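This report concerns only the one structure given below.
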Amino acid sequence: MNTIQCSVFGHDFIVSKDITAHVKEYQCKHCKKQMTTNANGNLIPLTPKFKRINSVLKSVYYKKEKRKELILDR
C-alpha cells in the first residue's frame with residue numbers, strides 16, 4: 001500500500017480529523033496510511049482500538065465543551 005514516494009521521502013501526513021485540541025488523526029496524502037497521537041503526543045498507527053478510543057474521546061470532549069458554553073451563556 002505504501003507508494004515509492006513514501007518509502008523514499010517519508011509520509012506526508014495531513015490532519016484528517018480533529019478529536020480534541022491535542023488529539024488528531026492524520027492521513028498520508030500519498031498512500032493513505034492513518035496515524036493518531038498517543039498520550040505522549042507521539043504519532044502511532046491508527047488501529048481499530050484507537051479509532052474506538054478516539055470516537056469516545058471526541059464524544060466526551062464535545063459534551064464537555066457544550067456544557068462550558070451553556071454555563072458561559074447564562
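The values are calculated or read from the model by the stated rules, or taken from the named source; none is laboratory data. The structure presented is a predicted model; accordingly, all values stated were derived computationally and were not measured. Reconstructed Cβ throughout: ideal geometry from the backbone, glycine too, with neighbour counts over all protein chains shown. These accessible areas exclude ligands, DNA and RNA; they are computed on the full protein's heavy atoms, side chains included. Shrake-Rupley method; radii C 1.70, N 1.55, O 1.52, S 1.80 Å.
Which of the lysines could a cross-linker bridge to Lys33, judged by Cα under 24 Å and excluding same-chain residues fewer than eight apart?
Those lysines meeting the cut-off are Lys17, Lys24, Lys49, Lys51, Lys58.
Taking a probe of 1.4 Å, how large is the accessible area per residue of the chain, in Å²? Numbers along the way, then the final one.
Numbers: 5810 Å² over 74 residues.
Computed with neighbouring chains in place, this is 79 Å² per residue.
Treating the chain as a set of equal point scatterers at the Cα positions, no solvent, please give the Debye-formula log₁₀ I(q)/I(0) at q = 0.12 Å⁻¹.
-0.42
At 1.4 Å probe size, with no ligands or nucleic acids counted, give the accessible surface of Asp12 in Å², nearest ten.
My reading of the accessible area for Asp12 is about 60 Å².
Can you give the angle from 0 to 90° between the axis of helix 48-73 and the longest principal axis of the chain, with both taken from C-alpha atoms, to the nearest 10?
Long axis of 48-73 versus the principal axis of the chain: about 30 degrees.
How much net charge surrounds Val23 when only the other residues with a Cβ under 13 Å from the Cβ of Val23 are counted, with Lys and Arg +1 and Asp and Glu -1?
Working: positive: Lys17, Lys24, Lys51, Lys58; negative: Asp18, Glu25.
Here the count lands on +2.
Out of residues 5 or more away from Leu46 or on other chains, whose amide H comes under 5 Å of its own, with H placed 1.01 Å from N in the peptide plane?
Amide H neighbours of Leu46, under 5 Å, 5+ apart: Gln34, Met35, Thr36.
Using just the helices of the chain, give the 222 nm mean residue ellipticity in deg cm²/dmol: DSSP H runs with n ≥ 4 each add -39,500 (n - 2.57), and the total is spread over all residues, rounded to 500.
-14500 deg cm²/dmol
Which whole-Hz couplings ³J(HN,Hα) result when phi for each residue of the stretch 5-10 is put into the Karplus expression 6.51 cos²θ - 1.76 cosθ + 1.60, θ = phi - 60°, listed in order with x for Gly and Pro?
For the stretch 5-10, the Karplus-derived couplings read 4, 5, 6, 8, 9, x Hz, x marking Gly and Pro.
Around Ile44, with a cut-off of 13 angstrom between Cβ atoms, what is the net charge of the other residues, counting Lys and Arg +1 and Asp and Glu -1?
+3
What does the charge dipole of the chain about its Cα centre add up to, to the nearest 20 debye, if the Cβ of each Lys and Arg holds +1 and the Cβ of each Asp and Glu holds -1?
Details: 15 positive and 6 negative charges, 73 e Å.
Once rounded to the nearest 20, the dipole reads 340 debye.
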